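> What follows is a structure written as structure tokens; I'll ask about it next.
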Amino acid sequence: MKIISTGFAQANGVGGASAGDDNVVEAVYTYIPAEVTIPTIGSAVYAHTITGVLKNFTLDSSVNNVAADVQIKNGNAICTNGAKIAGNLILGNGYAALDNCTVSGTIHVSKYVTLNGGASLVQGDIIAAGQGVAAGSNAIAIANGATVNGSILSNGSVSVTSSPGSEVKGNVTVAGTATSVATVANNSKVDGFVQSSGTIANAGTIVGAKTQHVTGLVPPPVPLVPNWSEIPYPTPFSSTSWAAQGFQELVWNGPCVISGVDPSWTALSALTVPTVVNTLTKCGAAGLSTDSNVKTLTLKVNVAFVSNRFAFTKLKVLSSDTTARRLWLYVPDSNSADGLPTCVAPSGDITMSSETDIAPEVSVMAYTPCKFYSDRDGWRGQIYGGEVGFGQQAKLTFVPVGVPGVNLSGTPYVPPVPAHLGVRTSLRDLVTSG
């Protein structure tokens, strides 16, 4: 940033001498961009651990101005074959490897990011804290025609490579060491400026300013992913947050494997008061499951199932009218004191397979300290799991649901460091008209 300041003498010269009447000074400072942090609320998917590869996975949002974020406490996001995330991708302890995938928000990771392929697009920024990245390796690599519409901020080297050309439409800031390199290869382009704590290797096009050996650049922080929110199922029911929200408790007395047209299941469609269906005692560690026939649940009110395990196939959930309804599939965390997902018996998984069809008026929250797994495309709502995995056909439409009385944001918001001036690189007097 260049600052030009003009000063004037308290009294002008006499006898025609005017050389000292005014003086112009030019100072040039490095510009340190604002640190970008990601809000820690409203995620569509929260996973304490992530497994598997996102193939053909689609995450979108049916709510305007609400990003369908994916927050992963531990683990890597590996994305291939046209997967789409309509929000931010935040990895508290992992890397992101995207091959022909799109992210409509910002990617913020603790380790590194690779973005590869002409169908790969990040609408926001890419931020990498560079933890564990070996010397000489890239903290962020944009390759083979990938596009970043935002800016890049890394603690380590950045490479924007060609074949065909890749593009960053914002700025590139390498806040690493003196050995870090910002590389823009032949046929690739950066539309903004490039500044590096080390050097710049440019064989492509950099539209903005190019600044090497910049001191004072602030490395990006490790992203803040909330800690695990433990939700037990305490007794008596009257002491729980569910009761405080107007829910009644229905102790399940029906079968634990729903088959055919079961009267206990169909009776749930006649409920007129928000209800928690407690299957813990009746179904034990085996939990609640369905056979391969389509099971339809029509909601007149909000309903929650609490069970030690769910294994649903061909589930269909409707609203009795045009009113928005909510459904919870809830596996309690048996240890409410350790701040971690406790997946020990009797707690178990939530598995959605074969077919899951959720009506546009209905949204579903799945919570388990064990594993949530889905390989179908009809899920609407949120997912909160100790471990989360998706099959090739998985699709999630994000609608905020939450859990009554529980703050799932976990970690308090930390405001970002604003943009500011770094060190002064030059100071000189400019010639004036006098």
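Here, each number is a calculation from the coordinates, and none is a lab measurement. Here the structure is a predicted model, which means the values were calculated and not measured. Cβ coordinates were reconstructed from backbone atoms using ideal geometry, including for glycine residues, and neighbour counts include every protein chain displayed.
> For the chain, set up a GNM with springs between Cα atoms under 10 Å and report which of ILE383, ILE78, ILE50 has the largest fluctuation.
Of ILE383, ILE78, ILE50, the most mobile in the Gaussian network model is ILE78.
> For LEU297, LEU340, which order do you get if you count the other beta carbons within 10 Å of each Cβ and list the fewest first?
Neighbour counts put them in this order, fewest first: LEU340, LEU297.
> At 7 Å along Cα-to-Cβ for each site, give me the label-to-label distance between VAL28 and LYS169 in nm.
Placing both labels 7 Å along Cα→Cβ, they lie 3.0 nm apart.
> Let me make sure I get this right: for the stretch 69-211, a, b and c are the square roots of the gyration tensor eigenvalues over alpha carbons, sorted descending. Under 1.5 in a/c it's rounded, otherwise prolate if a/b > b/c, else oblate. Which is it?
Oblate, since a/c reaches 1.5 and b/c is not below a/b.
> Any chance you could run the full-extension gain for CYS256 through ALA359? It's 0.36 nm times the residue separation minus the Cα-Cα distance, nm to one decimal.
Net length gain for the segment: 34.6 nm.
> Related question: Relative contact order (percent) for the stretch 69-211, with alpha-carbon contacts under 8 angstrom and 6 or more residues of separation?
Relative contact order, the stretch 69-211: 14 percent.
> Further, regarding this structure: If you build a Gaussian network model of the chain, linking Cα atoms that sit under 10 Å apart, which residue out of LEU271, LEU54, LEU315 swings the most?
LEU271
> What is the sum of charges, Lys and Arg at +1 and Asp and Glu at -1, for the other residues whose Cβ falls under 12 Å from the Cβ of ASN171?
0
> Given a cut-off of under 8 Å on Cα pairs at least six residues apart, what relative contact order in percent is computed for the stretch 125-277?
Dividing the mean separation by the residue count of the stretch 125-277 yields 14 percent.
> What is the chain's relative contact order, in percent, from Cα pairs under 8 angstrom and six or more apart in sequence?
16
> Rg (Å, one decimal) plus Dmax (Å, integer) for the alpha carbons of the stretch 237-398?
14.8, 42
> Among VAL122, VAL261, VAL174, VAL294, which comes first, second and so on when ranked by fewest other beta-carbon atoms within 10 Å?
Fewest-to-most ranking of VAL122, VAL261, VAL174, VAL294: VAL261, VAL294, VAL122, VAL174.
> Also, I was wondering about something else. Roughly speaking, what is the stretch gain from ASP191 to SER62, that is 0.36 nm per residue apart minus the C-alpha to C-alpha distance, in nm to one decimal?
43.2 nm
> Hey, what do the phi angles of the stretch 214-224 turn into as Karplus ³J(HN,Hα) couplings, whole Hz, using 6.51/-1.76/1.60 and θ = phi - 60°, x for Gly and Pro?
Couplings: 7, 9, x, 5, 9, x, x, x, 5, x, 8 Hz.
> For the stretch 44-94 and the stretch 349-394, what is the separation of their C-alpha centers, rounded to whole Å?
After rounding, the separation between the Cα centres reads 13 Å.
> Please report the net charge: other residues with Cβ closer than 13 Å to the Cβ of GLY87, K and R +1, D and E -1.
Value of the local net charge: -1.
> Label point 7 Å out from THR177 along Cα-to-Cβ: which residues of the stretch 128-149 have amide N under 15 Å?
130-139
> Filter the chymotrypsin sites (Phe, Trp or Tyr not before Pro) in the stretch 302-351 down to the DSSP loop ones having no more than 14 other Cβ atoms within 10 Å, then list what survives.
Answer in residue order: no site qualifies.
> If the limit is 21 Å between Cα atoms, which of LYS169/LYS210; LYS111/LYS395; LYS55/LYS295; LYS73/LYS316; LYS73/LYS111 go over it?
Among LYS169/LYS210; LYS111/LYS395; LYS55/LYS295; LYS73/LYS316; LYS73/LYS111, the Cα-Cα distance tops 21 Å for LYS111/LYS395; LYS55/LYS295; LYS73/LYS316.
> Something else about it: How much length would be gained if the chain were fully extended between LEU271 and ASN335, taking 0.36 nm per residue of separation minus their Cα-Cα distance, in nm to one decimal?
Gain in length upon complete extension: 19.9 nm.
> Using only the alpha-carbon atoms, what does the chain span along each of its principal axes? Please give whole angstrom values in decreasing order.
If we take the Cα atoms of the chain, the spans are 107, 52, 40 Å.
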